Each structure stands twice: as structure tokens, then as C-alpha cells.
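Structure first, then comments.
The values are calculated or read from the model by the stated rules, or taken from the named source; none is laboratory data. None of the values given here were measured: they were computed from a predicted structure. Here the Cβ is made from the backbone with ideal geometry for all residues, glycine too, and neighbour counts use every protein chain on show.
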Amino acid sequence: MFASNPFADLATIVPLDVIQGYVILMFILVVGGTIFDMIHKKSAKYFFAKAKAAEASRTRELSGGDKIGIAINTAVVDVATSGEFCNPKRRISHLFTMYGFILFVLTTVALVFAFPTPEAPAIVSMLWHLGCAMVMFGGYWFWFFIRVDVSAEGNPWYRIAKADMFILSLLGTTTFGLVWSLTMGSAPWNTLFLGLFVISATVLFAGVLWSKFAHMFFKPAAAFNKRVIKADGSMENLPELGDLSDPALQKRFPDIPEYMGAKPSYMGLGIKREQPKHY
């Protein structure tokens with residue numbers, strides 16, 4: 001069951017060319033939607049303009065080696081291990097979802113293009129099912145327990161907003177895909193879940209403009225830029241505050257002694273003091 005290629009069974013009903021054409025179309029929609037999203041939101045233009053504006057406030061010039069090191073650090077910490085998440089549960093959930101989705105996409109391509117027959121390597125088929133399960137584990141954990149709407153704001157888990165389009169279509173794709181594979185041979189139910197699988201996948205990949213799909217390409221660039229401006233001292237043209245009781249700092253920023261006194265007290269952890277559950 002888990003070792004069989006579900007797309008090979010599908011190819012006995014739907015021509016393989018149609019299946020492959022659908023996958024290619026989804027790829028084109030993702031690429032095209034992401035590019036259009038960047039143009040529409042002017043995110044690339046914003047980054048370039050921001051980098052240009054920060055040049056005047058740099059305190060040091062980064063070498064090529066510095067930038068390579070920052071890129072590696074970004075790839076390892078911010079991308080590969082999702083280091084931006086302080087909440088360990090949120091981080092684990094995200095990692096399961098991210099790597100599960102990557103596994104799902106790669107094995108789908110392999111099963112549809114490289115091994116579109118029942119003789120496909122069992123490990124590839126098993127990894128496809130594993131990818132679905134990983135997305136479901138991380139995604140449902142997030143949806144029911146970790147989402148801010150649920151965990152911090154007290155809203156019911158079934159409250160749906162436009163921003164939920166990505167996670168719901170992702171969960172629908174992997175859930176219905178897995179159930180479709182497991183019900184292979186049960187004609188009515190299998191056909192139903194196949195239809196739901198295709199609908200969910202179409203919404204996921206074609207709805208880039210209306211979901212958070214494009215942000216998976218945007219976030220690494222943003223994380224890299226954040227590390228660069230910290231390393232070169234530009235700090236987004238913001239001052240780097242030190243000891244608030246320093247007379248030189250207070251002279252530079254007179255608002256500090258005016259509103260906080262000559263010797264500002266330690267403010268504590270602030271919002272990090274406790275989990276936000278005050279609904």
C-alpha cells in the first residue's frame with residue numbers, strides 16, 4: 001500500500017500526459033504567481049531601494065566572504081532550522097510541515113516523471129506517503145493548537161479567514177492525497193478523494209496571489225537582508241541603543257531622560273514575560 005505508486009494506478013484511468021501536464025501547469029502557476037506577486041507588491045523594488053538607502057549609514061563595508069558567511073548562516077539558521085521561531089512548538093510544527101511539503105513535492109515529481117509505473121522504487125512511494133503524513137502532523141498541530149487566533153486570542157479553531165487559504169489548501173492536498181492513495185481500489189470513495197485532492201492542489205498552487213505561498217521565497221531574502229544590515233552597521237537607519245543611562249546617549253536622544261528619567265529602570269522581559277493568553 002505505502003510502497004505502491006498511486007500515480008501509476010491513476011495513469012490507468014487518466015492519460016499520463018495529462019497528469020504530467022497538470023504538474024507542469026501547477027509549477028508554471030507558482031512561478032508566474034510569485035513573479036506577479038513581487039511585481040504587484042513591489043517587494044523586490046522595496047528591498048533594492050532599502051539597501052540603497054542604507055548605504056549612507058553603513059559603518060563597515062562587507063566583503064564577499066562576509067556576505068557568503070551571512071548567506072550560509074541564513075540558510076542554516078533561518079531557513080533549514082527555522083531559527084526565527086522562539087516558540088519551540090511552533091518551530092517543530094513548522095519544520096514538520098516544511099520538510100514534509102518538500103518531500104511531498106519532490107517525490108510527486110519523481111513518481112510522475114521519473115517512475116510513472118507500478119515498478120517505481122518502493123522507497124520513493126513510501127517517502128511520498130511520509131511527506132503527506134509529516135505535513136498533516138505539523139499542519140494540524142498548528143491549526144488546532146498553535147495558531148495565534150486559537151492559542152492567544154481565544155477564537156475557535158473552525159474560524160476561517162482569508163489568510164488561512166494556504167494552510168487549509170496545503171492540509172487538504174496532503175490529507176486527501178493520502179486518503180486517495182489508501183482507498184485505491186474502492187471506486188466511489190477513491191474517486192471522491194481524488195477529486196478533492198485535485199481541487200485542493202489547484203487552490204494551493206494556483207492561489208499564490210491570495211495565499212502565503214509566495215512568502216516562502218520572500219522570507220529567506222528578508223532574513224538575509226536583516227543579517228546584512230546588522231553586520232554592516234546600517235541598522236535600517238535606526239540608532240543602535242546602548243546603556244540608556246549613558247549621558248552621551250541621552251544628549252543624542254533627549255526623549256530618553258524626558259520620558260524615562262536620568263536613570264531609566266530595567267523594564268523587564270515585556271511581552272516575553274508570559275504567553276499571551278488574556279482573552
> Residue check: is ALA53 surrounded by 12 or more Cβ atoms within 10 Å (Cβ to Cβ), in the same structural domain as PHE166 (by TED's automatic domain parsing), in contact with a helix residue (DSSP H, G or I) (Cβ under 6 Å, 6 or more places away or on another chain) and not β-branched (Val, Ile, Thr)?
Replying inline: no
> Which of the residues spanning region 90-131 are of a type in the set (Lys, Arg) and surrounded by fewer than 17 Cβ atoms within 10 Å (Cβ to Cβ)?
Replying inline: ARG91
>> Within region 31-49, take every residue that is within 20 Å of the chain's Cα centre (by Cα) and farther than 20 Å from GLY207 by Cβ and give me the one that is surrounded by the fewest Cβ atoms within 10 Å (Cβ to Cβ).
In response: LYS42
> Restricting the first residue to region 169-192 and requiring it to be assigned by TED's automatic domain parsing to the domain that holds MET26, which pairs with a second residue that is of a type in the set (D, E, K, R) meet a Cβ separation below 8 Å and a spacing of at least six or different chains?
Replying inline: MET184/ASP9
>> Go through (1) loosely packed, with under 14 Cβ neighbours inside 10 Å; (2) more than 30 Å from MET126 (Cα to Cα) for PHE27 and report which single condition fails.
In response: (2)
> Residues VAL198, VAL179: which one is more than 23 Å from the chain's Cα centre (by Cα), over 22 Å from PHE85 (Cβ atoms) and at pLDDT 85 or above?
Replying inline: VAL179
>> Looking only at region 147-199, how many residues end up being in a helix (DSSP H, G or I) and not β-branched (Val, Ile, Thr)?
In response: 28
